[in-house]
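Heads up, the thing below is written out as structure tokens.
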Amino acid sequence: MMFKEIFNQYHWDEVQESIYAKTSLDVEMALSSHRRTLEDFKALISPAAAPYLEEMAQLSHQLTQKRFGNTIQMYAPIYLSNVCTNFCTYCGFNFDNKIKRKTLAPDEISLEIAEIKKQGYNHILLVTGEAKQVVHIDYFKNAIEIIKPHFANISIEVQPLDQEEYEKLRQAGIYAVLVYQETYNQEKYPEYHPKGRKANFDYRLETPDRAGKAGIHKIGVGVLLGLEDWRTDSFFCALHLDYLQKKYWQTKYSVSFPRIRPAEGVLPPNVVVSDREMVQLICAYRLRYENVELSISTRESEQFRNNIIKLGVTSMSAGSKTNPGGYTLDTESLEQFAISDERSSRQMAEYISSINYEPVWKDWDKSFI
Amino acid sequence: MKNLKIAGKEFQSRLFLGTGKFGSPKLMEDAVLASGSELVTVALKRIDMETNTDGLLAHLQHPHINLLPNTSGARNAKEAIFAAQLAREALETNWLKLEIHPDPRYLMPDPVETLIACEGLARLGFVVLPYIHADPVLCKRLEDAGTAAVMPLGAPIGSNKGLRSIDFLEIIIEQSNVPVIVDAGIGSPSDAARAMEIGADAVLVNTAIAVGGNPVEMAIAFRLSVEAGRIAFEARLATTKRTAEASSPLTAFLG
């Protein structure tokens, strides 16, 4: 059985209705529960939970501290290519967007990683657009070959691949695969992904299954906040996570919270997720999933990131460049999205230390791949 | 209080510490020093062996502190053995805390792979201290495989729930020919004292100290409680009675 079979048993509108029907009693029961269920998660992401935000934040802080200690894991993205044959309406790499396209050559990758390494990083995330002719499995393997000697932990956030390709990546040294469904609203999905390979909703939906079968160590899931009702989308993401945790029990999971940021040639977000709602969502995840890693990128502002450290987040990037070659080669080329927190990795680490947390640069060893 | 002996090495302190989850390496160092611990475990995956500028290790350079590298992150015996060899080379010690938890959620130890790895590592000359479930049969199997000690859990790791497995720990302690170190779940000094009172040879504590309000003070509290528990065990506790002494004993007729 794949996730699609479970997914098909739910209807977007009914789920949405049931979330909005949650009451303060449901929230209080969820808060006092010893082992929180998916229904509790619904209550915690519902509008009824808004008045309980401080209580949720306190609990989230305690649970995170217990499991992860006073630490924040640091990682840096490297954008290898912005060539893309998809037409995602919210993305700066959209095929229709007439921008300078760039795919890093081996010597360029070496230059970029040298700079990232200089910033202190040991965990790196490889990012590309989707362009099968340019960034394919052999390109990834080659990039990994170049990067592997210098980093303890390599993750990848690229187009969905086949199980066999994930197996190859794992053997080559990939630790984590990050793939976000963007939205679980199947009816609306084509509006955001009208053409290209990404238009295939089902293939994307079953990507974590393929990565899980391939024995990938960590799988990252998430929804793009700003497309559809974030509460309903997050329920489906949690449903996905529940399924994955039970089925691929040896795999670790992480959840990311990308909120749509302004980018060239893209529409403003369809729904706005406020800071309060964002905090509610992060805390709800922690209350339901005590052991899942929660990640925040530089899409968020300095002020928000500073304050979210104690609320449940466990990993962060800093000083990120979201354009290929952005660290050294072509610092002015077009980004996937404008970053909001402009601090360097050192500045971020100093801030983390100043609130008595330890920035962790290495928490994996290549010997385990 | 008697010294503890593991694989021929003597320890005055029966409190072992984990080094994760602290807010800074300096705080970790201060807590380790305050605890009086002579054996601290360090995850191989946290050590940056390439740059040789590892913050963690720099804070553990004290003559009385012995390092116990662990294989956290390994999902099977093969990975654990490979990691162990790297750790031995990097930290110049053949002591090893064997951790194999293929389940990344609750970090539950895999008994099958742990036994296989223990056999292999013992053959390679390692002093193996395996993290395991409180399973008395597994403990005996590990003894046969050449383990130097056993490290059964008191409760799920990081849970601070105390000695939930106490009935099994008592059986393990009763039967064991190697030191028994209660490894996970100890949440408060009273839990540690209790473990020592029932005859555990040592305890390993991390989360309860690292994320306590004041880790250094908490380390002192654990040091005292471990000593108190051990002294009480050696002094032999008065037995507890479930009933009051009967005023008309049933055996009075025997004169």
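All of the numbers you see were taken from the coordinates with simple rules; none came from a lab. This is a predicted model, so every value here is computed, not measured. Positions of Cβ are backbone-derived with ideal geometry, glycine not excepted, and every protein chain shown enters the neighbour counts.
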Cβ under 13 Å from A:Ile174's Cβ, A:Ile174 left aside: what net charge do those residues give with Lys, Arg +1 and Asp, Glu -1?
-> +2
Mind checking Rg over Rh on the stretch A:181-316, alpha carbons, Kirkwood formula for Rh?
-> 0.95
Karplus-derived 3J(HN,Hα) from phi for the stretch A:27-35 (6.51 cos²θ - 1.76 cosθ + 1.60, θ = phi - 60°), whole Hz, x at Gly and Pro, runs 5, 5, 5, 5, 5, 8, 5, 7, 10
Computed log₁₀ I(q)/I(0) - Debye formula, equal Cα scatterers, no solvent, the stretch A:1-88, q 0.20 Å⁻¹ | -0.95
How far is the Cα center of the stretch B:83-162 from the Cα center of the stretch A:2-78, in Å?
-> 35
Taking chain A as a whole, which cysteines find no other cysteine Cβ under 4.7 angstrom from their Cβ?
-> A:Cys84, A:Cys237, A:Cys283
Quick one: what Rg and Dmax do you get for the stretch B:40-149 from the alpha carbons, in Å?
-> 13.7, 43
Structure-based [θ]222 nm, chain A - -39500 (n - 2.57) summed over DSSP H runs of at least 4, per residue, nearest 500 | -11500 deg cm²/dmol
With the dipole of the protein assembly as shown defined by +1 on each Lys or Arg Cβ and -1 on each Asp or Glu Cβ, the option from A:Tyr139, B:Ile47, A:Val221 whose Cα lies farthest towards the positive pole is B:Ile47
Add -39500 (n - 2.57) for each DSSP H run of 4 or more in chain B, then divide by its residues: what number comes out at 222 nm, to the nearest 500 deg cm²/dmol?
-> -11500 deg cm²/dmol
Compactness summary of the protein assembly as shown: radius of gyration and Dmax from Cα atoms, Å, are 26.2, 107
Two-decimal ratio, the stretch A:132-220, of alpha-carbon radius of gyration to 2.2 N^0.38 Å = 1.14
Treat every Asp and Glu Cβ in the stretch B:105-169 as -1 and every Lys and Arg Cβ as +1, leave all other atoms uncharged, and give the resulting dipole magnitude about the Cα centre to the nearest 20 debye.
-> 200
Put +1 on the Cβ of each Lys and Arg and -1 on the Cβ of each Asp and Glu in the protein assembly as shown; which of B:Met1, A:Phe257, B:Ser13 then has its Cα farthest toward the positive end of the dipole?
-> B:Met1
For B:Glu38, what is the net charge nearby, where nearby means another residue's Cβ is under 14 Å from its Cβ and Lys, Arg count +1, Asp, Glu -1?
-> +1
So for the pair A:Leu267, B:Val112, with labels modelled 7 Å out along Cα→Cβ, what separation do we get in nm?
-> 5.2
Would you mind ranking A:Arg288, A:Arg101 so that the residue whose beta carbon has the fewest other beta carbons within 10 Å leads the list?
-> A:Arg101, A:Arg288
Counting every Cα pair in chain B, what percent are over 26 Å apart?
-> 38
Under unit Cβ charges (Lys, Arg +1; Asp, Glu -1), what dipole magnitude, rounded to 20 debye, does chain A have relative to its Cα centre?
-> 760
What is the percent of Cα-Cα separations in chain A that go past 40 Å?
-> 8
Taking every pair of Cα atoms in the stretch B:86-216, average 1/r, invert it to obtain the Kirkwood radius, and report Rg/Rh to two decimals.
-> 0.97
How big is the stretch A:58-102 in terms of Cα radius of gyration and Dmax, in angstroms?
-> 18.9, 48
Dipole magnitude of the stretch B:76-146, debye to nearest 20 (Cβ charges: Lys/Arg +1, Asp/Glu -1, about Cα centre) | 40
Which value does Rg/Rh take for the stretch B:177-221 over its C-alpha atoms, Rh per Kirkwood?
-> 1.00
Spin-label point model (7 Å from Cα, Cβ direction): what's the A:Lys4 to A:His150 distance in nm?
-> 4.0
